[in-house]
Amino acid sequence: MLERTENGTKYENQDGDNQFQQREISSMSGEKKQLNQEIVQQDQNAHSQSRKVIDGKIKQLKDVKPNRAVPHDQNVQNMRKVTERINEMKDQVVRAKLYLSFTPPGSKSNLVKELKLRIKEVERAISGATKDSDLSRSALQRMRNMESSLSKASRAYPDCSSMTTKLRSMTQNTEEQVRSQKKQVSYLFHLAASTTPKGLHCLSMQLTAEYFALDPKERQFPNQQKLHDPELYHYAVFSDNVLASTVVVNSTVSNAMEPEKIVFHVVTDSLNFPAVSMWFLLNPPGKATIQVQSIESFDWLSTKYHAALRQNSSDPRYASELNHLRFYLPEIFPTLNKIVLFDHDVVVQKDLTRLWSINMKGKVNAAVETCHKSETSFHRMDAFINFSDPFVAKKFHADACTWAFGMNLFDLQEWRRQNLTTVYHKYLQLGNKRPLWVAGSLPLGWVTFYKKTVALDRRWHILGLGYESGVVRADIDRAAVIHYDGIMKPWLDIGIGRHKGYWSKYVNYEDSHLQRCNIHA
């Protein structure tokens, strides 16, 4: 029974997914206390209402729905509708086993034999069935036979006090098992998300070997004179993943009305620099211009900021320098006035020319807001930032509107004028000294660009494809940029299947390198 109450809970994670899991667990604990109180109250009328209590409690368990930090997945609700009879038959088996637990050891009464037979019949009937339409006519007859046997058992064992005690014990044991399984699932999902797939590792090794086999003159990209032209459309992505950065570049260029005006800046680490460079040498982005840089080539970064750049965290995503490099955009691109920064887990679906003409209203950052409770991307400031700290409570407001990283337009001129890199650096150091916010660049972005962000229409950027299977198809199709935030990335086996096609359409799986590394759609 409790297995079905957990059926609506899907795994989801963003930078703050630990907080969401704690809320779900505490929510289930509250439901458990409420259930126990109801059972105790009805225990007073035990002998006269035994059957009503048993069936009532089972029905309550059947109808329990966990409180969610995000809207409920409609697919789960639909699945419940098509498995109603299967679930009822499972409940019958639980009730029958419960009655058997009250029989004396070694009992061979007719009722005991009958219950054991009915349990076997029903379990065979639902074996392998995933929806009600899979059940045969004989299965429905077995269901009716079981109900008749349970009716006999309810008259033979009318002691409701013992029954409620047993149900309570079963509930507690099952919830402990569920809690343990959720912890294990959380660990395995994080392990899968943080491990480089074998195919991607193979691809990087192949490309790296080919890069170093090239003559130095062959390693140069064309049209490098466009790199510093502020009149062009400059996009940047910081990534150590060859395929991920490829999709960002390919999707942006292929949907652009004027690809010749696009300049893409890809920044990676020294380990992946040869592989990323070789890939774009072999697969240039059409008429667009591309530049590949290594973070180690930024001498000013190592001398001025290297000691404080890393954030205290055991998660390699947050400890990575690439994760925080976004706060040094004016130094990385000193000749540019504006730039659009992408996360490497996005796909561009529309021409973005109009984005560059948006009125920034004197602000530094343009982003889609995530402070609307009706949306899956909803976040609160106090879920990531410690407002119990006096410094934080005085400086910021817990109800301030939050926004998303993933696709951001930055006014670099205004950034330089307000010297926001120094502001970020100050907050980073404070957070390393005491727990002001959770690890990651998102809460640091909120405080650095506090009251310096202009809201974009939500159709520019839709989130949730990396943790929410129920994102509305129409919303995805009309979004300019879709974002696989969360840990279920589209290049991983744990990615959400219904969302993978938007990403894989920009990967050429016929490429010989991908074929040799067994990378398929």
Response to the item:
Taking every alpha carbon pair in segment 177-273 and sorting the distances into 10 angstrom bins from 0 up to the bin holding the longest one, the percent per bin comes out as 12, 31, 29, 16, 8, 4, 0
Worksheet item: Hey, any idea what Rg/Rh is for segment 398-521, computing Rh the Kirkwood way over Cα pairs?
Response: 1.06
Worksheet item: Hey, how many Å between the Cα centroid of segment 473-521 and the Cα centroid of segment 135-184?
Response: 43
Item to complete: Whenever you get a sec, compute what percent of the accessible area on segment 76-167 sits on carbon and sulfur atoms (1.4 Å probe).
Response: 50
Practice prompt. Take peptides 437-449, 132-144, 113-125 and line them up by average Cβ neighbours within 10 Å, highest first, as a rough protection proxy.
Written response: 437-449, 113-125, 132-144
Worksheet item: Quick one: with all protein chains in place, what share of the accessible area of segment 313-387 is carbon or sulfur, to the nearest percent (1.4 Å probe)?
Response: 49
Worksheet item: Given a 1.4 Å probe and every protein chain left where it sits, what share in percent of the accessible area of segment 411-521 is carbon and sulfur?
Response: 47
Item to complete: Please compute P(r) over all alpha-carbon pairs of segment 217-266, binned at 10 Å starting from zero, and give each bin as a whole-number percent.
Response: 22, 52, 26, 0
Practice prompt. Would you mind classifying segment 96-192 by shape? Square roots of the alpha carbon gyration tensor eigenvalues, ordered a ≥ b ≥ c; an a/c under 1.5 is rounded, otherwise it is prolate if a/b is larger than b/c and oblate if not.
Written response: oblate
Worksheet entry | Cα-Cα over 18 Å, subset of Lys108/Lys152; Lys350/Lys505; Lys131/Lys152; Lys198/Lys489 | Lys131/Lys152
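The values are calculated or read from the model by the stated rules, or taken from the named source; none is laboratory data. Fair warning: this is a prediction, and the values are worked out from it, not measured in the lab. Methodologically, a virtual Cβ is constructed for each residue, glycine included, from the backbone with ideal geometry; neighbour enumeration extends over all protein chains shown. These accessible areas exclude ligands, DNA and RNA; they are computed on the full protein's heavy atoms, side chains included. Shrake-Rupley method; radii C 1.70, N 1.55, O 1.52, S 1.80 Å.
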